[in-house]
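The structure appears below as structure tokens.
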Amino acid sequence: MPANIPLESENAMIQTNKIVYSIDNTEILSGISLHIPKGELVGILGPNGSGKSTLLKCIYRVLKPSGGAVFLEGRELSQIPPRESAQKLAVVAQHHFSNFDFTVEEVVLMGRSPYKKALEKDTERDSAIVRESLEKVGMENFSKRNFLTLSGGEQQRVILARALAQQTPCLILDEPTNHLDIKYQLQLMDLIRTLDQTVFMALHDLNIAAMYCDKLYVVKKGQLVGEGSPKELLTPAFIREVYEIDADVMETSGGELRVLYHPAHRRKEKEG
């Protein structure tokens, strides 16, 4: 299929068609094709270095694919002006370094920039959206704090608030629960689960993926090695194939999956 022809689907928010990304003749992504339906929460899993973040960066325009194409609501992303795509796609990246002396409120206000003309001032509506976004992530009392004084977890929640303030139909999240303790991991994922947005996110926690995702993709060494619902994918055999570890997968009385890992030293103790 030619790269400039999207996969046929009326309900797709994001599609990739045979995405390839190479560095110095080394292929990091090898022909990845995905379909992210509107309104669903879709996760991408894989070991460290498998290409998850690289794929996301190709989707949100930080990297340019070496081959293939990305489509946003059926339009090839490279043909959409950056300002327009920023009104449709918000991003919470894995790393968000800043050396500027911004307050939390100012950081979240940056989410309104795709709707601004040059030198246009912020409005009361912008301020209201910022307050609402900070409330959603539990950071409303930090609005006047300097962003750089926050902990890693607090910064992560502020960056999510900035993405929410962008008011896009789609969110891209790269390891959104990094730096968060278990309470805020679950609070954040509960919030993401209730959003009226399409969400595509990279995760490393299989239990978080099992609890919250409608669909999963799995990559290993730059190749797509699995796709399906958590119940379809997260089996002991598949986990061993992808992550090279032993695990049991249980289903709770409420129908939720739980992955229980077997540390290598425990297995050796039993075998000994």
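The values are calculated or read from the model by the stated rules, or taken from the named source; none is laboratory data. Bear in mind that the values here come from a model prediction, so they are computed numbers and not experimental data. Don't worry about glycine lacking a Cβ; one is built from the backbone with ideal geometry, like all the others, and counts go over all protein chains shown. Just the protein is used for accessible areas: all its heavy atoms, side chains included, with ligands, DNA and RNA removed. Shrake-Rupley method; radii C 1.70, N 1.55, O 1.52, S 1.80 Å.
Observations on the structure shown:
- Restricting the GluC sites (Glu not before Pro) of region 217-247 to loop positions (DSSP other than H, G, I, E, B) with no more than 10 neighbouring Cβ atoms within 10 Å leaves Glu244.
- Nearest-20 debye value, region 74-202 charge dipole, Cβ charges on Lys, Arg, Asp, Glu: 220 debye
- Summed over the residues of region 117-272 and divided among them, the accessible surface reaches 53 Å² per residue at a probe radius of 1.4 Å.
- C-alpha center-to-center spacing [region 175-246, region 56-83] in angstrom: 23 Å
- Within the accessible area of the chain, the carbon and sulfur atoms contribute 49%, probe 1.4 Å, all protein chains present.
- Kirkwood Rh, angstrom, region 171-233 [1 / mean 1/r, Cα pairs]: 12.5 Å
- Projected onto its three principal axes, the C-alpha set of region 207-266 covers 36, 34, 16 Å, listed from the longest axis down.
- Heavy atoms of Leu257 accessible to a 1.4 Å probe, total area in Å² rounded to 10: 10 Å²
- Evaluated with a Cβ-only charge set (Lys, Arg +1; Asp, Glu -1), the chain carries a dipole of roughly 400 debye about its Cα centre, given to the nearest 20.
- Legend: calculated FRET efficiency, Glu140 to Arg258, from the Cβ-Cβ distance at R0 = 30 Å, rounded to 0.05, equals 0.35.
- Per-residue [θ]222 nm for the chain (sum of -39500 (n - 2.57) over DSSP H runs n ≥ 4, rounded to 500): -9000 deg cm²/dmol
- If you sort the three axes of the alpha carbon gyration tensor as a ≥ b ≥ c, you get a/c of 1.5 or more for region 69-198 and a/b no higher than b/c, which makes it oblate.
- Region 177-272, dipole about Cα centre (Lys/Arg Cβ +1, Asp/Glu Cβ -1), debye to the nearest 20: 260 debye
- Distance violations [Cα-Cα > 26 Å] among Lys38/Lys183; Lys52/Lys121; Lys57/Lys215; Lys121/Lys183: Lys38/Lys183; Lys52/Lys121; Lys121/Lys183
- Selection from Ser85, Gln167, Ser22 lying farthest towards where the dipole of the chain points positive, charges on Cβ: Ser22
- A simple spin-label model places the labels of Asp190 and Ser33 4.0 nm from each other, with each point 7 Å out along Cα-to-Cβ.
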